[in-house]
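Colleague: Just passing along the structure, written as structure tokens.
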Amino acid sequence: MTWRTVKQLADAATPEELFNGQWQNRRSVLDDYKPYLDDRWSEGCTNAWKLWEEIVPLGYKGSYQRVRAYLREKRTSPRPVTARPPSARPVAGWILRRPDTLAEAEQLQLKSVRTHCPELDALTRHVRSFAAMLTERQGERLAAWLDAVRQGDLPSLHTLAAGIDRDRNAVIAGLTLPWNSGVVEGHANRIKMLKRQMFGRAGFALLRKRVLMS
């Protein structure tokens, strides 16, 4: 036992202080369901057994004791105990993915994020509306989408809307017509790859022949 460990044990006023350190941020199987428990707690439901029964159908595979310990901590801690907010990367992934591909736990966490952050809630609505236009070829809705974006308080989307406005006709065509430039882009990428492979190794004649024969 090191001197630092001995000092930590001696200085701890409560048992909870001993859990500070490398184990404090360790993920738990309950983490994905804490936003749901926090919401139900705010609604007045504080029964651990009932809440455990509610999250099991949502995919929770942990024990009832873990749920009870979390609620006991919320009940006895002098400071508010809530779920740790997710980082930006997973939130961006939840917003950009199709809603029906999200797991139950991810849907719960995204719902909690949207509830506590009106800006992310508005962003999610705009992103999903644009995705629907893109996948269902509803270019006629673009003007209404741009108006809705400009009325909101999301500067980054205002920049996007301004860029779309500069090529509005082309964007509407891309959101409406079944054709795309994917084949052309594929050939361009293939030619660039061949050029990089043969740079400094062959003249134009050999490069031309390989492009035509590949």
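Rule-based calculations on the coordinates, nothing more; no lab input. Because the structure is predicted, anything quoted here is derived from the model rather than measured. Heads up, the Cβs are rebuilt from the backbone with ideal geometry, glycines too, and the neighbour counts pull from every protein chain shown.
Colleague: Using +1 at the C-beta of Lys and Arg and -1 at the C-beta of Asp and Glu, which of H126, G174, L157 has the Cα lying farthest in the positive direction of the dipole of segment 117-180?
Modeller: The listed residue farthest towards the positive side: G174.
Colleague: For D167, put the label point 7 Å out on the Cα→Cβ axis and report which residues of segment 181-200 keep their amide N under 16 Å from it.
Modeller: Under cut-off, by backbone N: 181-186.
Colleague: Label-point separation (nm) for A205 and L102, each offset 7 Å from Cα along Cα-to-Cβ?
Modeller: 6.2
Colleague: A further question follows. Over the chain, with a Gaussian network built from C-alpha contacts below 10 Å, which listed residue (S112, S129, S77) shows the highest mean-square fluctuation?
Modeller: S77
Colleague: Compute the length gained on full extension between W179 and S87: take 0.36 nm times their separation in residues and subtract their Cα-Cα distance, giving the result in nm to one decimal.
Modeller: Values: separation 92, 0.36 × 92 = 33.12 nm, distance 3.77 nm.
My answer for the length gained is 29.3 nm.
Colleague: Per DSSP H run of n ≥ 4, the term is -39500 (n - 2.57); total these for the chain, divide by its residue number, and report the mean residue ellipticity at 222 nm rounded to 500 deg cm²/dmol. Working shown, then result.
Modeller: On the way: 12 runs with 138 residues, N = 214.
Mean residue ellipticity at 222 nm (helix-derived): -20000 deg cm²/dmol.
Colleague: About the Cα centre of the chain, how large is the charge dipole given +1 on each Lys and Arg Cβ and -1 on each Asp and Glu Cβ? Please answer in debye to the nearest 20.
Modeller: Charge dipole of the chain: 1320 debye, to the nearest 20.
Colleague: Can you give me the C-alpha center-to-center distance between segment 166-214 and segment 22-77, rounded to a whole angstrom?
Modeller: Their Cα centres are 53 Å away from one another.
Colleague: What does the charge dipole of segment 106-145 about its Cα centre add up to, to the nearest 20 debye, if the Cβ of each Lys and Arg holds +1 and the Cβ of each Asp and Glu holds -1?
Modeller: Details: 6 positive and 5 negative charges, 12 e Å.
Using Cβ point charges on Lys, Arg, Asp and Glu, segment 106-145 gives about 60 debye.
Colleague: Which longest uninterrupted range of the chain lacks any chymotrypsin sites (Phe, Trp or Tyr not before Pro) assigned by DSSP to a loop state (not H, G, I, E or B) and surrounded by at most 12 other Cβ atoms within 10 Å? Could the numbers behind the result be given before it?
Modeller: On the way: sites that count: W23, W179, F199.
Free of exposed loop sites, the longest segment is 24-178.
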